[in-house]
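Read the structure below first, then the notes.
Only the coordinates and a few stated rules stand behind these numbers; no lab work does. Because the structure is predicted, anything quoted here is derived from the model rather than measured. So basically every Cβ, Gly included, is an ideal-geometry build from the backbone, and we count neighbours across all protein chains shown.
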Amino acid sequence: MTNADIIIQALVEAGVARLFGMPGGGSNADLIEAAGRAGLPFTLAHTETASAFMASAQAEITGKPGACLATLGPGAASVMNGVANAWLERTPLIVLTDCLNNAKFGHQNLPQREMFAPVTKWTGRPGVDQVGEAMRCAIGAALRFPPGPVHVDLSSEVTGAIASSLLERDSRTMRIPGNSYKVAVKQPVFLLGLGARRHARKIRECCERFAIPALVTYKAKGVVPDPHPWFGGVLTNGSLEREILERADAFLAIGLDPVELLPRDWKYSQPVIAIGEPIEQNYFSIHAQVASIDDVQLQPSEWDSAEVARIAATQRDRMRPAGDGLRPHRVVELVAEVYSGARITVDAGAHMFPVMSLWPAETAWGVLISNGLSTMGFALPAAIGAALLDPSRPVVAFTGDGGLMMCISELRTAARENLPIRVIVFDDRDLTLIRMKQVQRGYREDGVSIGEVDWRAVAEGFGVCGRVAEDEASLAAGLRETAGHRGPVLIAARIDPATYVGLMRALRG
């Protein structure tokens, strides 16, 4: 066995389902060859950042690490946005980069460990006899709470060498204090964050047994399904959820990470009982910390389910502004009619407001979004990663035209793999969210116009079925006509960007 075989063995035993990357030579070639020997599939991405998003999507869904590789120098620099996303999304990602063994050469030689150190939980450059220990440390660090990315710098001299050490396993576990806390309140509200996804069934049971409404962050969509009678809306620390938060007399925060909330002061004085692993934060004061929901002695609340349903319906209605033409909320609703139950991925941009408010999520991990980093260019690569895990289940990628332009080459990846991805482009020909901020500050509206794009031609040029919708009728027809298509489909929905102004005001105040 070579050291490359040891590395791939470690990935397989950790549960990595697939290796992604835009490879160079050197250690990349050794790892791809070893992956082939071990039966670990490798998928070519067309940008390094996209490969990290694909791997991260698989990690979120499975709870096991994702893995990607990149060449030295420009490849390592390019993957950085994907690593930063995993850092702020709390996603276990293993990043393998090529490097030079001899530091005296300057060509393509960057200080890669120093680059990755601020946004990874562990980074290392193992020697020939240190690979087994390095992989044990890297995988252990990626999975320990809070999970996150790690980086292993590998020269071809290391990966090509005959293995001199066996793979070691990390057996350390984290113990959480098991305190108990009695909740003596009348109208508590669950605040569910990304860490709540592993406990969805238990949380739903508590909502029903104790009549407690639940608000979900973007990452926790589906933990309590949108149609559920105790679903109280989406939590962003914005204006939309203010009514239900103000009426609560305590907050039961399960897996809530402050990175998920808007960077603004928390204005509510009710006690916060944090449930789950302790998280370093100074966002709000924690009244009590307990290990699990079983450690909270709950009593039936005084909430009325009809009133909670009314509040949630009011929130949704505020995401449905009146107007002419094809409006963003109707795009979401029409897609949901055809692809009910599909997993979705969501890009950053103005379109995410109606998507996250109106998509009827029913399962945890049914919605994948970059929330902590909120990066554009995420939805399409994430959809590819998700679809490769289960090619029988359609994945809908909601993206803006600006975000899609950042990763458009990955349309070829989707076509090459013949994946059942439906890319819904909110085509407003603008960086609308940025334009709104310029207007809000009284600035000139400069540098935000994308212009016209022939999306049908773009899609077909990559081997993807393309459609353009100008109104509700043509969108509904395009969705129906392509629903049975076996490969990827792109549908561009022409949106008036003025529609977003009211949505932004309703959501954030």
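Could you tell me whether the stretch 3-159 comes out rounded, prolate or oblate from its Cα gyration tensor? Rule is a ≥ b ≥ c as square roots of the eigenvalues, rounded for a/c under 1.5, then prolate if a/b exceeds b/c, otherwise oblate. It is rounded, given that a/c, with a ≥ b ≥ c, falls under 1.5. Calculated from the structure at hand, Cα Rg over 2.2 N^0.38 Å is found among [x] 0.99; [y] 0.95; [z] 1.27 as [x]. Could you tell me which of the pairs K202/K267; K64/K221; K186/K219; K121/K437; K267/K437; K221/K267 are separated by over 25 angstrom between their Cα atoms in the structure shown? Over 25 Å Cα-Cα: K202/K267; K186/K219; K121/K437. For the stretch 321-508, the share of DSSP beta bridges that are antiparallel, to the nearest 5, is 5%.
In this Cβ point-charge picture (+1 for Lys and Arg, -1 for Asp and Glu), the chain has a dipole of about 620 debye about its Cα centre. Counting every other Cβ atom within 10 Å of each residue's Cβ, T363, T120 order from fewest to most as T363, T120. Proximity of backbone amide H atoms, modeled 1.01 Å from N, is registered between H151 and V95, W122, T123, G124 at under 5 Å, excluding neighbours fewer than 5 places apart on the same chain. Of all DSSP bridge pairs formed entirely within the chain, close to 5 percent run antiparallel. Please label the shape of the stretch 181-315 as rounded, prolate or oblate, based on the square roots a ≥ b ≥ c of the eigenvalues of the alpha-carbon gyration tensor (a/c under 1.5 means rounded; beyond that, a/b larger than b/c means prolate, else oblate). Cα axes put the stretch 181-315 in the rounded bin.
Sorted ascending by nearby beta carbons within 10 Å, beginning with the fewest, R441, R197 become R441, R197. The phi torsions of the stretch 141-156, fed into the Karplus equation with coefficients 6.51, -1.76 and 1.60 and a -60° offset, translate into couplings of 5, 4, 8, 5, 5, x, x, x, x, 9, 9, 10, 8, 9, 8, 5 Hz, rounded to whole numbers, with Gly and Pro shown as x. Ordering 320-327, 129-136 by mean Cβ neighbour count within 10 Å, with the highest value first, yields 129-136, 320-327. What's the center-to-center distance, using Cα atoms, between the stretch 51-78 and the stretch 188-234 in Å? Cα centroid of the stretch 51-78 versus Cα centroid of the stretch 188-234: 30 Å apart. Rounded to the nearest 500, the helix-only mean residue ellipticity at 222 nm of the chain stands at -10000 deg cm²/dmol, with each DSSP H run of n ≥ 4 adding -39,500 (n - 2.57). Sites listed here are chymotrypsin sites (Phe, Trp or Tyr not before Pro) in the stretch 83-117 whose DSSP assignment is loop and whose Cβ has at most 15 other Cβ atoms within 10 Å: F105.
The ranking of C207, C68 from fewest to most other beta carbons within 10 Å of each one's beta carbon is C207, C68.
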